[in-house]
Amino acid sequence: MSFKGQHILSVSQFDRDRIQQVFQVARSMEPYACRKKRTKVLDGAILGNLFFEPSTRTRVSFGCAFNLLGGEVRETTGMQSSALAKGESLYDTARVLSSYSDVIAMRHPQSGSVAEFAEGSRVPVLNGGDGANEHPTQALLDLFTIEKELAASGQSIDGMHIAMVGDLKFGRTVHSLAKLLCLYKNIRFTLISPTELAMPDTVVSAIENAGHSIELSDSFEGKLAADIVYQTRVQEERFASIDEANLYRGKFRLNQDIYTRHCKSNTVIMHPLPRDSRQDANELDNDLNLNPNLAIFRQADNGVVIRMALFALTLGVEHLVSKYECDVPWYSNKSSFSPL
Ligand code: NCD
């Protein structure tokens, strides 16, 4: 099962074996991510990091992952500064930019755009989010995080209870994660959202067809005693107007008091980030920062090793990483990778 030369466009490309293959390579990346060692396995390789939609963590973690493997990163950000604004097709952009790069990571506001771009690309393309459609690398890092966090209390993904909360209509991360979870067994899903922002029917059907149990709710009340609470932001950029987005902002605010009253003592809190910390939203209050079950920053850290693994696998160097190893001469206090 080789990933070499392949695009990573959708979670539908994965089965459980392929997921474990990515996770195994990701675990082997941890010493490099925490600067215990470095590797130059991608010395000379170029990542085209094309982000046509706002992003901090996804864009920077793709770039950082590539740098940690010894490669160079070329950034293009924003539609207006690219020739797409002059009417160039995704196909033409892909033909040209894939000549300048060895691999491309791309985010774009339209559903299906990254797959369309990939048709014109001569190098592997990794989908960093296409509209409200998919975000496969986020889903892999979310799943990796869930597996690690649950393992710490002797649990596994099979049989777990996950509550997904917030904008489940436009949130691409929950779409991709729910589809990946269809590969597992006997999961209990609680989907909490305003009715207007419910999970799309196609995803609900996929969950049902996988034999999982599913409960829909428009309120937190009595629904948060899950193994994982996956909170999301109202995706205001996908609404017709800010006024419409404002109708839903702040509907589900999780803070320590609600956690203590409604969650289990070890419920893991996740969020793809950014959390909307403005007062009228505040979906994950800062008073949770000291809660050891708040996994959001470990989740973001995991994004780096997952993306390192995907680059190593798609460029076919996963077995050569340690061969090109060298020392880290500078001071670093990152003694372990994203400690629990
Ligand atoms: C998410 C995204 O862009 O879909 N962020 C991310 O990639 N970590 C979620 C969001 O923006 O709310």
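The values are calculated or read from the model by the stated rules, or taken from the named source; none is laboratory data. Everything numeric here is computed off the predicted structure, so don't read it as measured data. Because the Cβ atoms are built from the backbone with ideal geometry, glycine has one as well, and the counts that use them run over all protein chains shown. Heads up: the accessible areas ignore ligands, DNA and RNA and are worked out on the full protein's heavy atoms, side chains in. Shrake-Rupley method; radii C 1.70, N 1.55, O 1.52, S 1.80 Å.
Brief remarks on what is shown
- Filter result (under 20 Å from residue 250 (Cα atoms) and surrounded by 13 or more Cβ atoms within 10 Å (Cβ to Cβ)) within the stretch 211-224: 216, 217, 218, 220, 223, 224
- So residue 232, is it more than 15 Å from the ligand (Cβ to nearest atom), closer than 20 Å to residue 135 by Cβ, surrounded by 19 or more Cβ atoms within 10 Å (Cβ to Cβ) and hydroxyl-bearing (Ser, Thr, Tyr): no
- Top-ranked residue of the stretch 273-284 - restricted to ones that are open to solvent by 20 Å² or more (accessible area, probe 1.4 Å) and within 22 Å of the chain's Cα centre (by Cα), ranked as farthest from the ligand (Cβ to nearest atom): 282
- Residues (within 16 Å of residue 162 (Cβ to Cβ) and not in a helix (DSSP H, G or I)) located in the stretch 199-213: 199, 210, 211, 212, 213
- Any hit, the stretch 47-65, residues being surrounded by fewer than 20 Cβ atoms within 10 Å (Cβ to Cβ), within 22 Å of residue 323 (Cα to Cα) and over 17 Å from the mean Cα position of the chain (by Cα): no
- Only residues that are under 16 Å from residue 135 (Cα atoms), open to solvent by 20 Å² or more (accessible area, probe 1.4 Å) and more than 12 Å from the ligand (Cβ to nearest atom) were counted across the stretch 150-181, and they come to 2.
- Residue list for the stretch 85-107, filter: within 22 Å of residue 237 (Cβ to Cβ), surrounded by fewer than 23 Cβ atoms within 10 Å (Cβ to Cβ) and not small (Gly, Ala, Ser): 90, 93
- Only one of the numbered conditions (1) open to solvent by 20 Å² or more (accessible area, probe 1.4 Å); (2) touching a His at 6+ places or on another chain (Cβ under 9 Å) is violated by residue 227, and that is (1).
- Of the criteria (1) open to solvent by 10 Å² or more (accessible area, probe 1.4 Å); (2) within 16 Å of the ligand (Cβ to nearest atom); (3) not in a loop (DSSP other than H, G, I, E, B), which one residue 287 fails: (2)
- Some residue of the stretch 5-24 being farther than 26 Å from residue 146 by Cβ, touching an Asp or Glu at 6+ places or on another chain (Cβ under 7 Å) and in contact (Cβ under 8 Å) with a residue 24 or more places away in the chain: no
- Test for residue 268: is it within 16 Å of the ligand (Cβ to nearest atom) and at pLDDT 95 or above: no
Conditions (1) touching a strand residue (DSSP E or B) at 6+ places or on another chain (Cβ under 7 Å); (2) of a type in the set (Ser, Thr, Tyr); (3) closer than 30 Å to residue 277 by Cα, marked per residue:
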| position | (1), (2), (3) |
| --- | --- |
| 305 | no, no, yes |
| 314 | yes, yes, no |
| 320 | no, no, no |
| 331 | no, yes, no |
| 334 | no, no, yes |
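- Within the stretch 28-87, being of a type in the set (Val, Ile, Thr), touching a residue at least 24 places away in the same chain (Cβ under 8 Å) and outside any strand (DSSP E or B) holds for 41, 56, 58.
- If you go through the stretch 88-115 and pick out every residue that is touching a Leu at 6+ places or on another chain (Cβ under 7 Å) and assigned to a loop (DSSP other than H, G, I, E, B), you end up with 2.
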